[in-house]
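The values are calculated or read from the model by the stated rules, or taken from the named source; none is laboratory data. Note that this is a predicted model, so its numbers are computed, not measured. Here the Cβ positions follow ideal geometry from the backbone for every residue, glycine too, while neighbour counts run over all protein chains shown.
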Amino acid sequence: MAIKDVKELEEQYQLATYKKMPIVAERGEGVWVFTSDGERYLDLYGGHAVAGTGHCHPHVVSAIKKQADELLFYSNLVYSEARAKAAQKLISIAPDILTKAFFCNSGTEANENAMRMARMATGRENVITFSGGFHGRTADAISATFLGKYREIGKPNVPGHLQAEFGDIDSVRGLADESVAAIMLEPIQSMAGVKMAELSFYPALRELCDERDIVLIYDEVQTGVGRTGEWFFAGSAAGDGAVPDIISLAKALGSGIPVGACLVTEKIASHIKENDLGTTFGGGMIAMAAVTATLEAIEEDAMLANVCAVEAYLRERLQEIEQVVKVRGRGFLLGLEFADKAKPVHEALLEKRIITGTSSDPNVLRLLPPLCLTEADADVFVDGLAEVTRN
Ligand SMILES: Cc1ncc(COP(=O)(O)O)c(C=O)c1O
């Protein structure tokens, strides 16, 4: 089909809820996306932070195909080897205190279930989240989102959501009374423009939660599954080793097959009984095969080490670009802060067939590339950036 026809059909039959790039994505391979007009794009947005293993990683594709031939789906009403292996693998790479997984289908659903578990475990209702945090678009998750217009779109909001200032432990202390079930945060706020708190903030939150019996939830929908160069932000050096009671995951977890998960401590698990949580599709076989293969691919291709090495290289090379005043974030969740608006740079890069992301901070360009991005790919990006920012 001609690009024009695809565009017209989508516009006629699909709600226009996203501003789309003017390309028709047809095929993907690693860090590259091939479009219907025969062009090749370097994807530094990683298919919306989903293609952690790169587009169509052969190990993941073959696991999905094999599973599809055997059984597409059966719910949690039956046991499944695919599910057993995925849960075991995921728990094996998580911080030691996180011992059980709950599978669902998306990031927003993972966060809703995380908050629900915290309420069940504590018998309390309120949840503290942070200015600039994004947690999803279903009712409870959007009510926990104090960023831009989201809470407004989600009206009427679910009650019991309190807003603290990201990075300001005193603002959390002031709110964290005996009504509070959970404190939930994106440890690196992605959509807000890739913002991190001071290192001391993360262990201070952990201490506060321990002191007041509050459940600490890390929304690792973006930071999880290797993106920061460690499996999770939880327990990583970037967060001073602090480990929450619950991690929520989605995005890169299934390399493109929709899947979300909550990883929880034994203590949280002890409060959850049969039928307290559920979802038809959570833990389905295709998704589970994708999860196991995704984690195996990251391991087998040594992608965590690659993220650390290529991040360092990229940061070094970005010093050549005068207009980039700061590089925020960790690993392959990077925010390039410009002195001026980032959108024209994003658009000019797209014309050079380089896909990047914007953020709610107009001066920040976001990079969320596949974890297999090489130094040579980074060169393509920085050389392109040098050209588009040259006056
Ligand atoms: C940090 C974070 N949490 C939650 C979500 C919601 O995930 P989903 O779109 O899979 O519902 C997102 C999506 O962008 C996210 O970035």
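In table form, for the structure just shown:
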{"quantity": "Those residues of the stretch 188-216 which are over 27 Å from ASP361 (Cβ atoms), part of a loop (DSSP other than H, G, I, E, B) and among the hydrophobic types (A, V, I, L, M, F, W, C), in sequence order", "calculated": "ILE214"}
{"quantity": "Yes/no for GLU220 being within 27 Å of ARG124 (Cβ to Cβ) and either touching a Phe, Trp or Tyr at 6+ places or on another chain (Cβ under 7 Å) or of a type in the set (Gly, Ala, Ser) (or both)", "calculated": "yes"}
{"quantity": "Among the candidates ALA252, ALA261, ALA234, residue that is under 15 Å from the mean Cα position of the chain (by Cα), in a helix (DSSP H, G or I) and within 15 Å of the ligand (Cβ to nearest atom)", "calculated": "ALA252"}
{"quantity": "Criterion: within 19 Å of the chain's Cα centre (by Cα), more than 16 Å from the ligand (Cβ to nearest atom) and part of a helix (DSSP H, G or I) - qualifying residue of ALA86, ALA68, ALA121", "calculated": "ALA86"}
{"quantity": "Some residue of the stretch 127-148 being over 19 Å from the mean Cα position of the chain (by Cα), crowded, with 16+ Cβ neighbours inside 10 Å and away from the ligand (no atom under 15 Å from the Cβ)", "calculated": "yes"}
{"quantity": "Search result, residues across the stretch 4-21 that are outside any helix (DSSP H, G or I) and without any contact (Cβ under 8 Å) to a residue 24 or more places away in the chain", "calculated": "GLN14, LEU15, ALA16, THR17, TYR18, LYS19, LYS20"}
{"quantity": "Contacts under 8 angstrom Cβ, first residue in the stretch 226-241 being surrounded by 23 or more Cβ atoms within 10 Å (Cβ to Cβ), partner assigned to a helix (DSSP H, G or I) and of a type in the set (Phe, Trp, Tyr), 6 or more apart", "calculated": "GLY239/TYR202"}
{"quantity": "Pair list, Cβ < 8 Å and 6+ apart or interchain, from the stretch 127-140 residues that are touching a residue at least 12 places away in the same chain (Cβ under 8 Å) and farther than 17 Å from GLY193 by Cα to residues that are of a type in the set (Asp, Glu) and within 8 Å of the ligand (Cβ to nearest atom)", "calculated": "THR138/GLU109"}
{"quantity": "Qualifying residue in the stretch 98-106 (condition: surrounded by 24 or more Cβ atoms within 10 Å (Cβ to Cβ) and either in contact with a Gly (Cβ under 6 Å, 6 or more places away or on another chain) or free of Cβ contacts under 8 Å to residues at least 60 places away in the same chain (or both))", "calculated": "yes"}
{"quantity": "Among the residues listed as ALA51, ALA68, ALA63, the single one being touching a Pro at 6+ places or on another chain (Cβ under 8 Å) and small (Gly, Ala, Ser)", "calculated": "ALA51"}
{"quantity": "Among the residues listed as LEU205, LEU199, LEU216, the single one being modelled with pLDDT of 95 or more, more than 16 Å from the ligand (Cβ to nearest atom) and surrounded by 19 or more Cβ atoms within 10 Å (Cβ to Cβ)", "calculated": "LEU205"}
